[in-house]
Every structure is written in C-alpha cells, then in structure tokens.
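Single-structure report; data block below.
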Amino acid sequence: MEKIGVLTSGGDAPGMNAAIRAVVRKGIFHGAEVYGIYYGYEGLINGTMKKMEVGSVGDIIHRGGTILYTARSERFRTEKGQKEAARQLEKYGIDKLVVIGGDGSIRGAQALTTYGIKCIGVPATIDNDIYGIDYTIGFDTALNTAIEAIDKIRDTATSHERTYVVEVMGRDAGDLALYAGIAAGAESIIIPEKEEPFSNVVERLKKARARGKKHSIILLAEGVGDGIEYGKKIQEATSYETRVTVLGHIQRGGSPSARDRVLASTLGGKAVELLLQGKSGLIVGYRNNELTAQPIDDLLSKKSTIDEKMYELSKALSY
Ligand code: F6P
C-alpha cells in the first residue's frame, strides 16, 4: 500500500485547501493511503498526523486558510529536526510527501529527500516569488482582494482629493504590487526589483494634479520599505493631503478565486501522479502556460524576477 503524507507550511495562501483536497482525493482514487500532517514541519516533528478519508476534505474547496494549519518551524531548520521529521514518517510507513507552501517550505521538502523521502513541492504563496513558476497558488485571490480594497480607497480618495499610499504584501517580491497597480490604475508602482527615483514619483503626482486628476494612488510593495514613512515623505514633498493604507493580512485570507481553485486542484493532482510514478525532488507548476515538474534545486537556486514587459506596460499606463 502506497502511503502519502501532505502538509502545508509557511504563510497560508487561499487555495491551499483545494490543493489538500486534490492530493487526498487523487491519492485515494489511485488506491493510496493519504495522511494529513498538521502544523507543517512542526507537526511532522511532533508526529501530529491523521489518515485522511474522501470525506475529510469535503466542503473545503471554497475555504481560505488551511484545514491542516500551518507553522514556520525553527526546529525543522536544524539537522536534528529534519532527522526527527524523517523518523516520524518512517514510523508511519510514509515514504512520499507533498509539501504545499512557499520557497522556504519547498526547500524543506528538498532537505527531506536526502533522508530517502520522495517529495514534491506544490507552490502556494500570495507572494508569487518562485523562479520558473508563472503563478503560485493564492496569488490571484490576494490580487483580487487587494484590488477590491484599492477600488474602495479610490472612492474616498476622489471625494477628498487625496493621495493614497497603499502598501501591499509580497515579502521581497513586487509581483503583488505590480499587478495590483496595473489592475487598479495606480499612478506609481514602487517595487523592490526596480529603483524608482523619489523625484519621479513626486513629479508624476504633480503632473496628474495639474491635469485635473482628483486622486492619486501609489502602490508600494512591502519589500521597499515602510508605507507610513513613504506617505509622510510624499505629503512633505507635494503638500497634498496624503493617507496610507497597509492592507496586511487581509490579503492572505478569503475564499480562493476560481483560478486558484483550478490551479490548486491541478497541481495537487499532478504532485500525486508524480509521486506514484516514483518521482521526487520536483516542483509542479505552470511555466509559460505549460504544466511542468521542475527540479527543486534548479528553481530555488535562482531568484524570482518580475515580468519586465508588465513593468514597462505599467510605466506606459500610469502617469
Ligand atoms: O509569504 C507570505 C507573507 O504574507 C508575506 O507577503 C509577508 O511578508 C509575510 O508572509 C508575513 O508573515 P507573517 O504572517 O508571519 O507575519
């Protein structure tokens, strides 16, 4: 009997539940036993796991968060922790594992392969910061959440003729800010991957006002710096009334979009297929619109980049 473990790790992302569901159902469909491991690697070290049934993952496809809970495990960063995690899997007779999470979590999966565990990574993070993967699970939902909020901010910004700085998440990556900025029609999109002279931002704001624009929105990626400070600087430089909204963890929650549900179902199913074929050390995901399984080492040794064409487009559309 094949035994597959599944866990979610790191920051949660909408669509993780759909991915868990796909792993459990696809595994059982092919005659395997599937074990849900609770609280990520922390739970794995503690041996907190349970055999899943088809019904264990009913009524979750539309829910945000993760029914398996998640954690950022300090213990798993150590060799001792990793050994203990592998020992727990061995105890349950599990030699195959699906890890659903961001780059750090999938790096953990790679570490476990050195203990003879076959692992596949399913990329899920709102940051969309994994090299060689078009979109991570959760990014689309977070983007839609951000846009809904920015559209509302725009209403009040117009009424008061104010400038708004909206800080979005993304850790060191600017994808969320870039795409939200394009979709919400922001004047300026400030991301860590691109240097934007402050004087340019100020100049754009002034030109927009001179043209009669009633509001201005600046999209700031958290990786660039503190939104509150940035807002103060903008107000000082322009003397326009400026407010700051930090969207924060709202971006991590909520019901996953259709796109994230389908992506999560596809990638969860693919991960199981690969494990049952004896494959390991791979990340599943779309690259240039094609479903791929690429070596974890190859992808995680490179830094994710932004789509230059999209950045150029944003420059042409927002001034
Ligand atoms: O990686 C997802 C993410 O939401 C980042 O965008 C953010 O920087 C970080 O996690 C926040 O982490 P925490 O929830 O631990 O505060």
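General observations
- Against the criterion of being away from the ligand (no atom under 16 Å from the Cβ), at pLDDT 95 or above and buried (at least 21 other Cβ atoms within 10 Å of the Cβ), Ile218 qualifies.
- Exactly one residue out of Val57, Val23, Val99, Val34 is touching a residue at least 24 places away in the same chain (Cβ under 8 Å), among the aliphatic types (A, V, I, L, M) and within 16 Å of the ligand (Cβ to nearest atom): that is Val99.
- Sole exception among (1) over 18 Å from Met169 (Cβ atoms); (2) in a loop (DSSP other than H, G, I, E, B); (3) within 25 Å of the chain's Cα centre (by Cα) for Gly269, by number: (2)
- If you go through the stretch 104-117 and pick out every residue that is surrounded by fewer than 24 Cβ atoms within 10 Å (Cβ to Cβ), within 16 Å of the ligand (Cβ to nearest atom) and either assigned to a strand (DSSP E or B) or of a type outside the set (Gly, Ala, Ser) (or both), you end up with 1.
- Any hit, the stretch 257-273, residues being in contact with a Leu (Cβ under 7 Å, 6 or more places away or on another chain), among the basic types (Lys, Arg) and away from the ligand (no atom under 16 Å from the Cβ): yes
- Check on Ala316, surrounded by 13 or more Cβ atoms within 10 Å (Cβ to Cβ), among the aliphatic types (A, V, I, L, M) and either outside any loop (DSSP other than H, G, I, E, B) or within 16 Å of the ligand (Cβ to nearest atom) (or both): no
- The set of residues in the stretch 221-256 being touching a helix residue (DSSP H, G or I) at 6+ places or on another chain (Cβ under 8 Å), away from the ligand (no atom under 12 Å from the Cβ) and assigned to a helix (DSSP H, G or I) consists of Lys233, Ile234, Ala237, Thr238.
- Residue check for Lys207: at pLDDT below 95 and surrounded by fewer than 24 Cβ atoms within 10 Å (Cβ to Cβ): yes
- Pairs with Cβ under 6 Å, 6+ apart, first in the stretch 198-212 and under 10 Å from Ala237 (Cα atoms), second surrounded by 12 or more Cβ atoms within 10 Å (Cβ to Cβ) and aliphatic (A, V, I, L, M): Val202/Ala237
- Looking across the stretch 133-166, just one residue is part of a strand (DSSP E or B) and within 23 Å of Asp260 (Cα to Cα), and that is Ile137.
- If you go through the stretch 127-174 and keep only what is over 10 Å from the mean Cα position of the chain (by Cα), over 19 Å from Gly227 (Cα atoms) and hydrophobic (A, V, I, L, M, F, W, C), you end up with just Ile133.
- Within the stretch 118-156, restricting attention to residues that are in contact with a Lys or Arg (Cβ under 8 Å, 6 or more places away or on another chain) and hydrophobic (A, V, I, L, M, F, W, C), the residue that is nearest to the ligand (Cβ to nearest atom) is Ile126.
- Taken over the stretch 167-188, residues that are within 15 Å of the ligand (Cβ to nearest atom), in a helix (DSSP H, G or I) and not charged (D, E, K, R) amount to 5.
- With respect to being charged (D, E, K, R), touching a Gly at 6+ places or on another chain (Cβ under 6 Å) and in contact (Cβ under 8 Å) with a residue 60 or more places away in the chain, Asp297 falls outside the description.
- Residue within the stretch 16-33 that is within 27 Å of Ile126 (Cα to Cα), in a loop (DSSP other than H, G, I, E, B), of a type outside the set (Gly, Ala, Ser) and touching a helix residue (DSSP H, G or I) at 6+ places or on another chain (Cβ under 9 Å) present: no
The values are calculated or read from the model by the stated rules, or taken from the named source; none is laboratory data. Because the structure is a prediction, the values reported are computed rather than measured. Quick reminder, even Gly has a Cβ in these numbers, built from the backbone with ideal geometry, and neighbours come from all protein chains shown.
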